[in-house]
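Take a look at the structure below.
The values are calculated or read from the model by the stated rules, or taken from the named source; none is laboratory data. From a predicted model like this one, the values you see are computed outputs, not experimental measurements. With ideal geometry, Cβ positions are generated from the backbone for all residues, glycine too; neighbour counts draw on all protein chains shown. We work out accessible area using only protein heavy atoms, side chains counted, and drop any ligands, DNA or RNA first. Shrake-Rupley method; radii C 1.70, N 1.55, O 1.52, S 1.80 Å.
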Amino acid sequence: MLIRYEFLKILRKSSTLIIMAVSLLLTTFLFGLPVMQFQTYNEDGAIKGADGIAYEKERYLEVSVPLSEEYITETIFQVQKLFEVKENVGYDGSERFLIGDAYWEEIAPKEKLLNMIAKVYDKPNENSGYQKLADLDAAAGADFYKTMESKIDAILDGPSRALSNEQKKYWRGMARKVDTPLQYGYYEGWEIILSSMELLMFAVLSVCIVIAPVFSGEYQAGTDAVILSGRYGKTKLITAKIIASFLFGGIAFTLHVMIAWGLPLAAFGTDGWNLPVQIANPSIPYPFTFLKAAVFSIGVVFLVLAAMIGLTLLLSSKMKTPYLVLAVLVPILFIPMFLTPTGTTGIYNKILFLLPYRAVMPEIGKYISYQFGGLIMDAFSVRGVLYAVLTGLMIPVARKGFKKHQVM
C-alpha cells in the first residue's frame, strides 16, 4: 500500500506529466528525425521518405547473400572490369571513380557492400571506398577473411593503443568467435538504433528530474517532520519511496525505449536483426548480431539509469531542494558530451568511457578494455558491473541520509 501510494504520489504531480510529455515528444522527434530525413539516390535524383526506404530495400535483395570467398573474389573482378573501360572512369585529380551507367547500374545498388569489402583491405584509419577494389590483386583469390583477421591484428598492434599482450589475446580470441562467411543484408533500422543510443540520456534526465523531490521535496514542503515522526517514517516509508522511484523510472524509461526502437523499426523494418554487426564494420570484434548488440547496449543503458536514480535519491536525501539536486546531476550527465576521447588507453580515456553519457554509447568497434591483474574485461562488462555496484552502494546511503535527517 505504501509503495502504491508513493508511486501515485509521483505520477499524479502535474510537473511529472508535463516533464514526461515533453521528454516523450523529444524522444519521438530525435528518433524520428532519421526517418524524416532519410533519402537515397538514383540517376534521376533523390528519393525521400517511405519511397526511398522501399527503393533501398529492393536494391538490397540482390546482395542479401553469404559473403563467401568465391562471391567476394567475383565481386572484386566485376569492379575491376568496370574500371578497365576508360569511358566508365572519372578523375578528380586525386582518385579515380566510376561514372555514368557503370556507376548507377553496377555500383550504386551495392555501394555500401563494396565499401565494406574494400574496408577490409584498407590500412587501419584508412577509408578508401570501393575504388580500392580496382587495384587489388585477387588473381589467387580474395583472401577476405584472412585479410580481415590480419587487419584486426594490425589494429591491436598499433602503438597508439598500447595494449598489453593479455588484452591483445583477449580481443583476438573474441574476434575468432565471429561466424564466417558473413551473411549480408539490409540492416538500416538497427544501425540507426545503435548509432543513436546516447540520445536516451535526455530520457534519463527527465526521470531524474521527476524523482529529485522524493526526499528533498519533503524538506522543502516542511513535511519531513511529520513523516520522520510517524510509525513507519524511518523504515517502511523510506523503502516504499525508493521502490516507487525505481518502479516509476523503469516504466517511464521503457516507454521512451519503445518509441526509440519502435520508430526506426516501424519505418525501416526489423530486417537484419539476425545479421552479424561485422557487415557494418568488419573490424568489430564482438561476435554479435544486430539484435544482440542492441540488447546488450540497452541493458547497459538501464543499468546507467538505475545508478542515476540511486544518485538522485542520495542527493535528494542530503539536499534541501530539488533544484540543488539537479544542479549536481545535470553536469554529471552532460559535461562528458563535450569531452572527446584522445584514444582508447590512458586514465583520461578509460574514465571518460565509463561516465554516463559515454557509457550508453555501444562503441563496439573501439577495442576498449580494462585490465585488473590477469583479468581482462571489455567496456560492456565493466560498465555493467560498475553501474550495478554504484546502484547497490547508493541506495542504502540514500536511505540512511533521509533516516538521519535532522528536522529543523
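Mind checking which helices (runs of 4 or more DSSP H) fall wholly inside segment 294-369 and carry at least 2 residues that are modelled with pLDDT under 95 and over 30 Å from ASN165 (Cα atoms)? Working first, answer last.
Working: elements: 322-334, 347-352, 356-359.
The helices (runs of 4 or more DSSP H) meeting that bar are 322-334.
Out of the residues in segment 260-299 that are of a type in the set (Val, Ile, Thr) and open to solvent by less than 10 Å² (accessible area, probe 1.4 Å), state the one that is farthest from the chain's Cα centre (by Cα).
ILE279
So which of GLN39, GLN78 ends up being on the phi < 0 side of the Ramachandran plot, under 30 Å from the mean Cα position of the chain (by Cα) and free of Cβ contacts under 8 Å to residues at least 60 places away in the same chain?
It is GLN39.
This table checks each residue for (1) farther than 17 Å from LYS132 by Cα; (2) at pLDDT below 90.
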position: GLU62; (1), (2): yes, yes
position: LEU67; (1), (2): yes, no
position: ILE72; (1), (2): no, no
position: GLN80; (1), (2): no, no
position: GLU84; (1), (2): no, no
position: VAL89; (1), (2): no, no
position: ASP92; (1), (2): no, yes
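Being more than 30 Å from GLY262 (Cβ to Cβ) and among the hydrophobic types (A, V, I, L, M, F, W, C): is that true of MET394 here?
Taking the combined requirement at face value, the residue satisfies it.
Looking at (1) out of contact with any strand residue (DSSP E or B) (no Cβ under 9 Å at 6 or more places or on another chain); (2) touching a residue at least 24 places away in the same chain (Cβ under 8 Å); (3) not in a loop (DSSP other than H, G, I, E, B), find the lone condition where ALA138 falls short.
Of everything listed in (1) out of contact with any strand residue (DSSP E or B) (no Cβ under 9 Å at 6 or more places or on another chain); (2) touching a residue at least 24 places away in the same chain (Cβ under 8 Å); (3) not in a loop (DSSP other than H, G, I, E, B), ALA138 misses just condition (3).
With SER94, SER64 as the choices, which residue is open to solvent by less than 60 Å² (accessible area, probe 1.4 Å), more than 30 Å from ALA244 (Cα to Cα) and hydroxyl-bearing (Ser, Thr, Tyr)?
SER64
Is it the case that some residue within segment 118-132 is surrounded by 14 or more Cβ atoms within 10 Å (Cβ to Cβ), more than 28 Å from the chain's Cα centre (by Cα), outside any loop (DSSP other than H, G, I, E, B) and on the phi < 0 side of the Ramachandran plot?
yes
Do you know which residues across segment 137-150 are open to solvent by less than 40 Å² (accessible area, probe 1.4 Å) and over 30 Å from the mean Cα position of the chain (by Cα)?
ALA138, GLY141, ALA142
Please verify whether segment 253-266 includes one or more residues that are over 22 Å from TYR184 (Cα atoms) and among the hydroxyl-bearing types (Ser, Thr, Tyr).
Scanning segment 253-266, I find at least one residue that is over 22 Å from TYR184 (Cα atoms) and among the hydroxyl-bearing types (Ser, Thr, Tyr), so the answer is yes.
State the number of residues belonging to segment 151-177 that are open to solvent by 60 Å² or more (accessible area, probe 1.4 Å), in a helix (DSSP H, G or I) and of a type in the set (Gly, Ala, Ser).
The total comes to 0.
Quick one: would you say THR180 is open to solvent by 20 Å² or more (accessible area, probe 1.4 Å), part of a helix (DSSP H, G or I), hydroxyl-bearing (Ser, Thr, Tyr) and modelled with pLDDT of 90 or more?
On the way: open to solvent by 20 Å² or more (accessible area, probe 1.4 Å): yes; part of a helix (DSSP H, G or I): no; hydroxyl-bearing (Ser, Thr, Tyr): yes; modelled with pLDDT of 90 or more: yes.
Taking the combined requirement at face value, the residue does not satisfy it.
All but one of (1) under 17 Å from the mean Cα position of the chain (by Cα); (2) small (Gly, Ala, Ser); (3) at negative phi hold for ALA252, so report the exception by its number.
(1)
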